[in-house]
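K.L.:
Sharing a structure here in structure tokens format.
The values are calculated or read from the model by the stated rules, or taken from the named source; none is laboratory data. As the structure is a computational prediction, the values presented were derived from the model and not from experiment. Positions of Cβ are generated from backbone atoms using ideal geometry, with glycine treated the same way; all protein chains shown enter the neighbour counts.
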Amino acid sequence: MSPRPEPTSRFAPILVIGYGNEQRGDDAVGALVARAVATWELPDVQVISVHQLTPELAHTLAEARAVLFIDAACCAGEADFTVQAITGLAGHEVGGHGGDPRALLALADALYQRRPPAWWLTIPAERFAFGAELSPTACRGMLLSLRFLRDLIHSLRSEPCTRSD
Amino acid sequence: MGQRIVIDPVSRIEGHAKISIELDDAGEVRDARFHITEFRGFEAFCVGRPLWEMPGITSRICGICPVSHLLASAKAGDQILAVAIPPAAAKLRRLMNLGQIIQSHALSFFHLSAPDLLLGLDSDPARRNLFGLIAAEPELARGGIRLRQFGQELIAALGGRKIHPAWAVPGGVRAGLHPEQRRELQARIPEATAIARDALERFKALLAQYDEESRVFGNFPTMFLGLVGADGEWEHYDGSIRIVDGAGAIVADGLDPASYQTFIGEAVEPWSYLKFPYYLPAGYPNGVYRVGPLARLNLCTHFGTPLADAELREYRQRGGGTVNGSFFYHYARLIEILAAIERIAQLLDDPELGATRLRAEAGINRLEGVGVSEAPRGTLFHHYRVDEHGLITYVNLLIATGQNNLAMNRAVAQIARHYIHGPQIPEAMLNRVEAGIRAFDPCLSCSTHAAGTMPLHITLHAADGTVLDEVLR
């Protein structure tokens, strides 16, 4: 029998997952934000920087106290970045190339009956060419979102654990 | 009036493709094609890049099998440096490739194909997915997640990250395996073995239910191509090329992978971006061959590990010796997972793995190199030419899914001919033509992620192009 994730506790990590293709310009911004957060070396924050969301992340996610997904967003409007609490659990496919955190949360819920509170931070993206540098828009979104994330993580670390399972 | 059915896109495969089926005036299948609609262009834009960057660049070809490209590219680099890499580096590369085989095969079986196999090909499409599988078989689904996690964590332990580790380099590898990570991986072997054996038992119990699919899912004699070890043992990283025919007779053996252009030709068709490799002496399109798990099990004499060897004997009894039915790709994949776990256990016990000499230092000593390894889906060739400064002047990539291209097209036609007789398009055919393709586990490699689902879109065309019917789900 496969071991299940440990029940979430106040010591469970806050999970930050940044994802995107680091060779395709602004698509990298989520992964780059995650790497920047990792350099803060916060003791109860687990940071994962990945090319794409893959099914096995559901296990890690189920052990977390809270989850922050960071992604690039095409055609995202005027805002420097957008944050939304993820409330719905859409039953999307979690295949090899799926990029929807709601699908991963739904998978964790279905597999382990765990659904940590989650937020989805998206940064506007304009350039997706191979080898392209970050656009000024994505750079600005990255810097401002890092400030926001520092505050959000600080407030989550101060809060008692909130379980939803 | 002839009709044309288009399935676009094909779902639960890695990448984007569509299938078109042409009907004749009598409503019988005239032809069927599996179209690859993506264009990647890696071979073109790598020209001018330094050789040293190639493992990092080409591993981006795919987020599912980056390790395969990383290793084949590093091996092509070894050839250009003209070095024999340190033995520990070769073992570490093998270890990573085995982790890759496990995680990729686990994704293919547990997440992409198990919903069809365990819930039934005629079950409600709205439930025939991973979530439906979890509801019906939660322990199996959790086991699949754990197996994938095991493979990914092995890759991350070596390469520092799960996807696109820039770890293997021309001449060796950048770092070894930390003793603590080695112990952690060793501790997970029993669980991984139990999951793989359980999945095998479940699959074998299902085989009788899928007798018809076993007969019509790409079941025809072709040649099979892949690497084998010196004594014919199952091989995934080195060795020489063996080719057998559909009856198991050796067509060619001991071929140097670096001379692949002397025995593999590459045809193109105007309706697909994917090349059509073929066995050169047999010509095009007669030189159809298959690669991947089915081929590797047909080519090898044995695995060299006890559990996998016992499974191989039973597999050959069930399949009748050399197995031509592509439905058995699933079965072969599960046996390879078990073999990979056993080999990982052996390697983790090898004291040489802790050696500190991991990289041969050299400059550009040859202007051409070919790196070959077995990717989860089959034999992968990276062929580079460089100038005297090590800048790339030519790249040719021969990818496993491409080598299965001719066989996949024949499989689609075989399934369509079996299920379509007349102007009606049976639902059973639509499910099965996709499942037939999925048995090959084609990897068409999206280069960037995309939010949302990949729906099945089918349109029915008359010969004059008029849309007669359209189905979205």
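K.L.:
Identify, please: which residue in the range B:54-104 is modelled with pLDDT of 95 or more and part of a loop (DSSP other than H, G, I, E, B) and is, among those, farthest from residue B:339 (Cα to Cα)?
P.N.:
Ranking the qualifying residues of the range B:54-104, first place goes to B:82.
K.L.:
OK, next. Which of the residues belonging to the range B:283-314 are in a loop (DSSP other than H, G, I, E, B) and either surrounded by 15 or more Cβ atoms within 10 Å (Cβ to Cβ) or of a type outside the set (S, T, N, Q) (or both)? Spell out how you get there, then give the answer.
P.N.:
Narrowing the range B:283-314 to residues in a loop (DSSP other than H, G, I, E, B): B:283-288, B:291-292, B:300-301, B:303-305.
Across the range B:283-314, the qualifying residues are B:283, B:284, B:285, B:287, B:288, B:291, B:292, B:300, B:303, B:304, B:305.
K.L.:
Inspect the range B:87-105 for any residue being under 26 Å from residue A:110 (Cα atoms) and more than 20 Å from the chain's Cα centre (by Cα) and give the result as yes or no.
P.N.:
Among the residues of the range B:87-105, not one is under 26 Å from residue A:110 (Cα atoms) and more than 20 Å from the chain's Cα centre (by Cα), which makes the answer no.
K.L.:
Got at least one residue in the range B:159-178 being surrounded by fewer than 24 Cβ atoms within 10 Å (Cβ to Cβ) and assigned to a helix (DSSP H, G or I)?
P.N.:
There is no residue in the range B:159-178 that is surrounded by fewer than 24 Cβ atoms within 10 Å (Cβ to Cβ) and assigned to a helix (DSSP H, G or I).
K.L.:
Just for the range B:244-282: of the residues that are part of a strand (DSSP E or B) and more than 19 Å from the chain's Cα centre (by Cα), which one is farthest from residue B:323 (Cα to Cα)?
P.N.:
First, the residues of the range B:244-282 that are part of a strand (DSSP E or B): B:244, B:250-255, B:264-267, B:276-279.
So of that shortlist, the ones also more than 19 Å from the chain's Cα centre (by Cα) come out as B:250-255, B:265, B:267.
On the way: B:250: 14, B:251: 16, B:252: 18, B:253: 19, B:254: 22, B:255: 23, B:265: 24, B:267: 26 Å.
Of everything passing the filter in the range B:244-282, B:267 is farthest from residue B:323 (Cα to Cα).
K.L.:
Looking at the range A:114-126, which of its residues are surrounded by fewer than 22 Cβ atoms within 10 Å (Cβ to Cβ) and either under 13 Å from residue A:20 (Cα atoms) or not basic (Lys, Arg) (or both)?
P.N.:
Those that are surrounded by fewer than 22 Cβ atoms within 10 Å (Cβ to Cβ) and either under 13 Å from residue A:20 (Cα atoms) or not basic (Lys, Arg) (or both): A:117, A:119, A:120, A:126.
K.L.:
Just to be sure I understand, how many residues within the range A:51-87 are part of a strand (DSSP E or B), away from chain B (no Cβ under 12 Å) and not aliphatic (A, V, I, L, M)? Talk me through it step by step, then tell me what you get.
P.N.:
Start the filter on the range A:51-87 by keeping residues that are part of a strand (DSSP E or B), which leaves A:66-74, A:82-85.
After this cut, where a residue has to be away from chain B (no Cβ under 12 Å) as well, the list is A:66-68, A:70, A:82-85.
Restricting the remaining residues to those that are not aliphatic (A, V, I, L, M) gives A:82, A:84.
Qualifying residue count for the region: 2.
K.L.:
Hey, does the range B:86-98 have a residue that's touching a residue at least 12 places away in the same chain (Cβ under 8 Å), within 25 Å of residue B:172 (Cβ to Cβ) and polar (S, T, N, Q)?
P.N.:
Checking the range B:86-98: at least one residue is touching a residue at least 12 places away in the same chain (Cβ under 8 Å), within 25 Å of residue B:172 (Cβ to Cβ) and polar (S, T, N, Q).
K.L.:
Follow-up. Hey, can you tell me all the residues within the range B:128-158 that are facing chain A (nearest Cβ under 10 Å) and not in a helix (DSSP H, G or I)?
P.N.:
Across the range B:128-158, the qualifying residue is only B:129.
K.L.:
Looking only at the range B:288-335, count how many residues are hydroxyl-bearing (Ser, Thr, Tyr), in contact with a helix residue (DSSP H, G or I) (Cβ under 6 Å, 6 or more places away or on another chain) and under 13 Å from residue B:248 (Cβ atoms).
P.N.:
Within the range B:288-335, residues that are hydroxyl-bearing (Ser, Thr, Tyr), in contact with a helix residue (DSSP H, G or I) (Cβ under 6 Å, 6 or more places away or on another chain) and under 13 Å from residue B:248 (Cβ atoms) number 1.
K.L.:
A follow-up question, please. Between a first residue in the range B:233-246 that is closer than 23 Å to residue B:91 by Cβ and touching a residue at least 24 places away in the same chain (Cβ under 8 Å) and a second residue that is assigned to a strand (DSSP E or B) and among the hydroxyl-bearing types (Ser, Thr, Tyr), which pairs have beta carbons less than 9 Å apart while being 6 or more apart in sequence or on different chains?
P.N.:
B:236/B:373; B:237/B:373; B:238/B:373; B:241/B:379
K.L.:
From the residues in the range B:207-227 that are surrounded by fewer than 15 Cβ atoms within 10 Å (Cβ to Cβ) and modelled with pLDDT under 95, which one is farthest from residue B:243 (Cα to Cα)?
P.N.:
For the range B:207-227, the residue satisfying everything is B:209.
K.L.:
Taking the range A:20-55 on its own, how many of its residues are at positive phi and touching a residue at least 60 places away in the same chain (Cβ under 8 Å)? Can you show your working first?
P.N.:
So the first thing to find is which residues in the range A:20-55 are at positive phi, and the list is A:20, A:25, A:41.
Narrowing the set further to residues that are touching a residue at least 60 places away in the same chain (Cβ under 8 Å) leaves A:25.
Of the residues in the range A:20-55, 1 are at positive phi and touching a residue at least 60 places away in the same chain (Cβ under 8 Å).
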